[in-house]
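To keep things clear, I will list the structure first and then write my remarks on it.
The values are calculated or read from the model by the stated rules, or taken from the named source; none is laboratory data. Nothing here was measured: the structure is a model prediction, and the numbers come from that model. Cβ placement follows ideal geometry from the backbone for every residue including glycine, while neighbour counts extend to all protein chains displayed.
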Amino acid sequence: MCFLLICGLAWQACIDAHADNVRYKPVSQEIIEERLEKYAGNNPQREATLKQMFAEAGSDEPHLSEQALKGSKLPNVICVLPGSSDRVIIAGAYFDRVADGDGVVDNWSGASLLPSLYEAVKLEPRRHTYIFVGFTDEEKGEVGSHFYVRRMTTEQVAATDAMVNMDTLGLAPTEIWATHSDKHLVAALASLGRQMNLPVTGVNVEQVGSTDSEQFAARKFRASRSIL
């Protein structure tokens, strides 16, 4: 529960520069664990499960949709939570897995948190529009995030104040890929960690691989990458 909130609330604290203005509705540990346990099935089943979890969390048409990708069998799952302005914050995590293993930590742990993050902020007044994206085909070369970013117009890029990527969660106290993250988002996350008495440390994984936020950073987004 605390990890979920510290990840999400860091966005608004960074954008507004006043953490006291951040409001949320707690999501129980039981609900978060229940969503994590729905990892079973192949990738098409996981895509359907993620979309269903967003619906159960309160999202409906036309705010819940699929983004079809050319050359891919599975779409990105997109849930939009409108705000009072045209400013945008994006949260992303990929839902697909490789054939060997269940892919629970990598990365159903991140994807299954997206509906809970939606649920935590949906009832509170907000200035920003939140866009939650379940990326497809990360294991095939971050295909879903590449496609999503390429389809964004110049105006959409300009309207986006931050992108937070959640990848491989729950293995240790909160960590962030510091050398590949925006310093303002890192500072906001650290500040909230101190307020909530939760440790936040940096970890650099350049030698391990990449992550879906890299595409956003390439287009000059303010990105926070691989929160662990």
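Things to note:
- Every condition in (1) under 24 Å from E175 (Cα atoms); (2) over 15 Å from the mean Cα position of the chain (by Cα); (3) modelled with pLDDT of 95 or more is met by C14 except one, and the failing one is (3).
- Here Y24 fulfils each of the conditions (1) among the aromatic types (F, W, Y); (2) assigned to a helix (DSSP H, G or I); (3) modelled with pLDDT under 95 apart from (2).
- For segment 126-177, filtered to residues that are outside any strand (DSSP E or B), touching a helix residue (DSSP H, G or I) at 6+ places or on another chain (Cβ under 6 Å) and of a type in the set (A, V, I, L, M, F, W, C), the residue that is farthest from F221 (Cα to Cα) is L169.
Quick grid of which residues meet (1) farther than 21 Å from Q29 by Cα; (2) touching a Ser or Thr at 6+ places or on another chain (Cβ under 7 Å); (3) of a type in the set (S, T, Y); (4) surrounded by 16 or more Cβ atoms within 10 Å (Cβ to Cβ):
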| site | (1), (2), (3), (4) |
| --- | --- |
| I90 | yes, yes, no, yes |
| R97 | yes, no, no, yes |
| V121 | no, no, no, yes |
| Y130 | yes, no, yes, yes |
| T136 | yes, yes, yes, yes |
| E139 | yes, no, no, yes |
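- Those residues of segment 42-74 which are touching a helix residue (DSSP H, G or I) at 6+ places or on another chain (Cβ under 7 Å) and in a loop (DSSP other than H, G, I, E, B), in sequence order: A57, G58, S59, L69, S72, L74
- Considering segment 154-200, the residues that are at positive phi and touching a residue at least 60 places away in the same chain (Cβ under 8 Å) include one that is nearest to the chain's Cα centre (by Cα), namely T168.
- Among the residues of segment 33-48, just one is surrounded by 19 or more Cβ atoms within 10 Å (Cβ to Cβ) and not charged (D, E, K, R), namely Y39.
- Beta carbons closer than 6 Å, at least 6 apart along the sequence or on distinct chains, pair a first residue in segment 208-228 that is in a strand (DSSP E or B) with a second that is modelled with pLDDT under 70 for I227/C7.
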